[in-house]
Amino acid sequence: MAKETGLNSDTIAAISTAQGSSGIAVIRISGALSVDIAVKILTRRDFNTAGVMKLTSLIDSGGNVLDRVLSVFFAAPKSYTGENIIEIHTHGGMTIARKCLELVIENGARLAEPGEFTKRAFLNGRIDLAEAEGVLGIIQARSDDAIKAAARNLTGEFSRRVNKIHEDILKLQGNLELEIDFPEGEHVSFNIMAGLKDIQRDLKELADQCSAGILLRDGVKIVIAGRPNVGKSSLMNALSQQKRSIVTDIAGTTRDLIECNFILSGIPIILIDTAGLRNSDNAVEIAGIELANEAIKNSDLCLWILDGSQNYEDNEINFSGDLENLIIAINKSDVEQKIDPEKISRSYSGADIIKISAKTGANIEDLKNLLVKKITGGTLLNSSFDASISQLNYIRESMKLLNEAVENYVVNEIDITAGILNEARNFMLRVIGVEADDELLDSIFSRFCVGK
């Protein structure tokens, strides 16, 4: 039997499949006692060969057969966690799965914490932090593109990119040390500035790919705002292709926030329809308007709707955020227009303006393309990585340090430049977890489900 090599002394267990009735349920056990526990609760005794699944029976303490199950043994150190693992596949009723877990715990295991199996895989060197994020990304993916982004982490592509940049910084740092230690002309000269520029470019590309991956995973919140009866609810239905909002000619129909979720070019979208913004004496409508204003402040993008068939009034658009995050859609382009887009453009330079008809569908596809362009900033989603916010921040910190390194090298501060590169290199190590502290690890693995 394979020797247990895990770093943890206790044995953990959990149901690894989702709650509810199904064909099978999987109970996972990991740790030094996993085989001993399996022998006590199964009629199977031979766990000498790893990777072999066998039919056996689950029994209680009195030897009574509870279920016919399948069991498989994964030997340390080549298992998922790096420890001995036993998986028991019961029939999929939750009662029998819970009973199996109870027997496992009664015989020496404890209930695993969220993400603890994957955390042990990281601590035992089976995966790095980027690959662990990939596991979580696969579980939480809401689109095909999100799955592909997470798979790039899971297969090590992200880690290889990070390691390559780390190695490039280390090599450049060594070349700088040569310039410090040897007088001019006594060693081969290096094009340090070209190396710095190359690393800057690679970091920028990596940061863009990580930002795109975060978009694919977390999605984007878009708020539809405007006065009553401009067509906000109709546009919500047209964009999402769902009948989520009630459409009437009665002003103030929408009082509460109405949300719908859909996928736009692989990006999860949270679209929010809001109450029409106007002066009102109605307490319920006022409450809805307050919710609308709060939603606008907290949105990633604001889609402000104007009625093209009505005269535009100054200050009709009450948007105080970054105009780069504002799209002004002039609706009802299928009827006679009274709004001059050029006038609006002069008042809101930086915002995008588009004419549409939510009723006929005119330019709705163009609006969708504009939304994608705004969201991604032109970054290709098909090369994204499923990074965490903390990993992206580490990459950005390294980018700032590379900018400082360039500035210092220009003025011939070679020793300071070398020190800055060392800091930048350490940030890249944190991306893959080499320098991760307990607080960071806890924040990452607590987002996993129990059993993974």
Once amide H atoms are placed 1.01 Å from N in the peptide plane, what residues at a sequence separation of 5 or more from residue 24, or on another chain, have their amide H within under 5 Å of its amide H?
92
Using a Förster distance of 56 Å, how high is the FRET efficiency between residue 336 and residue 218, based on the Cβ-Cβ distance and rounded to 0.05?
0.85
Which far-off residues, 5 or more places away or on another chain, put their amide H under 5 Å from the one on residue 275, with H placed in the peptide plane?
292
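Mind checking the dipole of segment 334-377: about its Cα centre, +1 per Lys or Arg Cβ, -1 per Asp or Glu Cβ, Debye to the nearest 20?
On the way: 8 positive and 7 negative charges, 33 e Å.
In total the dipole reaches around 160 debye.
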Packing-based ranking, highest mean first, of 312-324, 32-44 given that Cβ atoms within 10 Å are counted:
32-44, 312-324
Quick check: the angle from helix 94-106's long axis to the longest principal axis of the chain, C-alpha only, nearest 10 degrees?
50
Sequence ranges 78-89, 157-168, 348-359, ranked by mean other-Cβ count within 10 angstrom, highest first:
78-89, 157-168, 348-359
For segment 44-96, what is the relative contact order in percent, using Cα pairs closer than 8 Å and at least 6 residues apart in sequence?
28
Pick the calculated P(r) over Cα pairs in 10 Å bins from 0, in percent for this structure from [x] 4, 16, 19, 17, 18, 15, 8, 2, 0; [y] 4, 21, 28, 22, 15, 8, 2, 0; [z] 4, 21, 32, 27, 12, 3, 1, 0?
[x]
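If you place +1 on the Cβ of every Lys and Arg, -1 on the Cβ of every Asp and Glu, and leave all else neutral, what size is the dipole of the chain about its Cα centre, to the nearest 20 Debye? List each step's numbers first, then the result.
Values: 48 positive and 64 negative charges, 427 e Å.
It works out to roughly 2040 debye.
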For the chain, find the longest principal axis of its Cα atoms and tell me its angle to the long axis of helix 414-431, 0 to 90°, nearest 10.
70
Can you find, among 329, 117, 56, the residue sitting farthest towards the positive end of the charge dipole of the chain, where Lys and Arg contribute +1 and Asp and Glu -1 at Cβ?
56
Amide H proximity to residue 353 below 5 Å, modelled H, separation 5+ or other chain, gives 328
With charges only on Cβ, +1 for K and R and -1 for D and E, what is the dipole size of segment 314-452 about its Cα centre, in debye, rounded to 20?
720
Using helices alone, I'd like the mean residue ellipticity at 222 nm for the chain: each DSSP H run of four-plus residues gives -39500 (n - 2.57), total over residue count, nearest 500.
-14000 deg cm²/dmol
Quick one: what are the phi-derived ³J(HN,Hα) couplings along segment 160-171, Karplus 6.51/-1.76/1.60 with θ = phi - 60°, whole Hz, x for glycine and proline?
5, 5, 5, 5, 5, 5, 4, 5, 5, 5, 4, 5
Rh (Kirkwood, all Cα-Cα pairs) for segment 305-408, Å, reads 16.8
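Throughout, read-outs are computed from the coordinates displayed, never taken from laboratory work. Source: prediction; values computed, not measured. Cβ sites come from the backbone with ideal geometry, for glycine too, and all protein chains shown count toward neighbours.
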